[in-house]
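Take a look at the structure set out below.
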Amino acid sequence: MPMMTAQREPNSLTAAAAESSRSPFVRLTDLIAGIKPGKPVINLSVGEPQHPIPDFVGPVLTAHLSEFGRYPANKGIEPFRHAVAQWLGRRYRLAQPVDPETEVLVLNGTREGLFLGAIAAKRWVPQRADNPAVLIPNPFYAAYAAGALAAGCEPVYLPATRASGFLPDLNALNDSLLKRTVAFYLASPSNPQGAVASRAYLDQLAALSHRYGFLVFADECYCEIYSENPPAGMLEAAGSGFSNTVVFHSLSKRSNLPGLRVGFAAGDRDFLAAFLELRNIAAPQVPGPAQHVGVAAYNDEFHVEKNREMYSAKFDLADQIVGDRYGYKRPAGGFFLWLDVSQFGGSEIVTKRLWAEAGVRVVPGRYLAREQADGSNPGADYIRVAMVQDSETTAEALHRLVAVLG
């Protein structure tokens, strides 16, 4: 099998690389600036859940208002860490229980944890023999690359295309690259494609991390939004001690609480101790009342099941309205459509058409990925459609999309 072609981003960015490093949403705003939407706007660009927040949020916050008057510990309050450890034990088939004292840290959502994690990883892993690298699926969540660059590591973008099941091809990674790897970011379910890594895939990745001494950063924030089977988790593959593995979770998608900014990191206790040292000086604490909401959220599955049902109903609409157009296949997880629009001119042209003719705002796949060494961009032929609005609005948007593209 040919070795994977990876794009390396030099320290001195070219104008093109600098442009691609901008926020995809800023680039989208620039792309459609000056174009009048053809119909009343439906925004399907940002992956911001629009379902109702759980009923328990207000009462829990009210009960703990006095804690806004104290600085919370950066590690997280004890009830939160225990609730997380117990939830992980219920949700996944783990080789051993998670220790809430040493194997869980609270986060301000996952983004800041994923960013700062790369900096901590660079300090923690044994010195690399060559230029240290961070491996990133392509397309990817922007925080991964930002963290790699902040850590002084070379981001190496691994194509995640239809040919590889929309996940990086682990068999295509060569020995010299793995020897200099500091961390490997993996999202499962993936954003934007909705691919779910099998347990065998996770086992293979864990074996590589143990052999070469790098960390696996598993972004599992979409783990509770799936079509059929609950996705396997990286902690299941890590084995006893969860060595070289850290998982990142958030209440943003699971509980429709993107504004709460509560999540966690769990896994390798030695790394988390070093990570906490960095966070004690570099990361904002999570307010105590918000953590108590997290306790209630991780102890309740009813709202999660209802949330999943609402997403499932909207994917039923996509099955009916989109059908087999644009390479659509119902994703295994997550809440995005990843539609192939290559026959209509590619992601940027289609994004502008949908805005100008239908008032539907989506994200060009090109903006969610980087050019590979051969000049190709794994997202150039796709648009990302966030299924976050209510069912009626979603159906209207999908009908408009099909009417424009045919």
Inset, instruction - Output the peptides 106-117, 57-68 sorted from most to least packed, where packing is the average of other Cβ atoms within 10 Å over each peptide's residues. - result: 106-117, 57-68
Legend entry - Residue-by-residue Karplus 3J(HN,Hα) for the stretch 359-376, coefficients 6.51, -1.76, 1.60, Hz, glycine and proline x: x, 9, 9, 10, 10, x, x, 4, 6, 9, 9, 10, 5, 7, 4, 8, x, 7
Inset, instruction - Counting only C-alpha contacts under 8 Å and six or more residues apart, can you give the relative contact order of the stretch 68-227 as a whole percent? - result: 20 percent
Inset, instruction - Just order 168-181, 348-361, 197-210 by mean Cβ neighbour count inside 10 Å, highest at the front, would you? - result: 348-361, 197-210, 168-181
Legend entry - Magnitude of the charge dipole, the chain, Cβ model with Lys/Arg +1 and Asp/Glu -1, debye to 20: 560 debye
Legend entry - Anchor Lys253: aspartates and glutamates whose Cα lies under 17 Å away (excluding residues fewer than 8 positions away in-chain): Glu48, Asp55, Glu112, Asp219, Glu220, Glu224, Asp300, Glu301, Glu305, Glu309, Asp390
Legend entry - Rounded, prolate or oblate (a/c below 1.5 giving rounded, otherwise prolate when a/b exceeds b/c) for the stretch 32-159 by Cα gyration tensor: oblate
Legend entry - Over the chain: helical MRE at 222 nm, DSSP H runs n ≥ 4 each giving -39500 (n - 2.57), nearest 500: -11000 deg cm²/dmol
Inset, instruction - Based on the mean of other Cβ atoms within 10 Å per residue, sort peptides 147-159, 273-285, 224-236 so the most packed one is first. - result: 147-159, 224-236, 273-285
Legend entry - Separation between Cα centres of the stretch 196-256 and the stretch 293-316, rounded to whole Å: 20 Å
Inset, instruction - Kindly work out what percent of the DSSP beta bridges joining two residues of the chain are antiparallel, to the nearest 5. - result: 50 percent
Inset, instruction - Using only Cα positions of the stretch 292-389, each an equal point scatterer, no hydration layer, compute I(q)/I(0) via Debye at q = 0.16 Å⁻¹ and quote the log10 values to two decimals. - result: -0.77
Inset, instruction - Whenever you get a sec, compute what percent of the accessible area on the stretch 292-395 sits on carbon and sulfur atoms (1.4 Å probe). - result: 46 percent
Inset, instruction - Work out, step by step, the length gained on full extension between Lys329 and Asp175: first 0.36 nm times the residue separation, then minus their alpha carbon distance; give nm to one decimal. - result: 52.0 nm
Inset, instruction - Mind telling me which of Ala146, Ala373, Ala218 comes out most flexible in a GNM of the chain, alpha-carbon contacts under 10 Å? - result: Ala373
Legend entry - In Å², nearest 10: area of Lys253 left accessible to a 1.4 Å probe: 40 Å²
Inset, instruction - Please grab the % of Cα pairs in the stretch 138-215 that end up more than 18 Å from each other. - result: 41 percent
Inset, instruction - In debye, nearest 20, what is the charge dipole magnitude of the stretch 91-153 about its Cα centre with +1 on Lys and Arg Cβ and -1 on Asp and Glu Cβ, if you could check? - result: 160 debye
Legend entry - Nearest-10 value in Å² for the accessible area of Asp130, using the 1.4 Å probe: 100 Å²
Legend entry - Cα-centre dipole for the stretch 110-236 with unit charges at Cβ (Lys and Arg positive, Asp and Glu negative), debye to 20: 400 debye
Legend entry - Positive-end extreme of charge dipole, the chain - chosen from Leu44, Pro97, His64 (charges on Cβ): Leu44
Inset, instruction - Towards the positive end of the charge dipole of the chain, with charges on Cβ (+1 Lys, Arg; -1 Asp, Glu), say which of Gly263, Leu116, Leu170 has the farthest Cα. - result: Leu116
Legend entry - Among the listed pairs Lys39/Lys314; Lys36/Lys306; Lys39/Lys329, those beyond 31 Å (Cα-Cα): Lys36/Lys306
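The values are calculated or read from the model by the stated rules, or taken from the named source; none is laboratory data. All values reported here derive from a predicted model rather than from experimental measurement. Every residue, glycine among them, receives a Cβ derived from its backbone with ideal geometry; neighbour counts consider all protein chains shown. The area values use the complete protein model at the heavy-atom level, side chains included, leaving out ligands, DNA and RNA. Shrake-Rupley method; radii C 1.70, N 1.55, O 1.52, S 1.80 Å.
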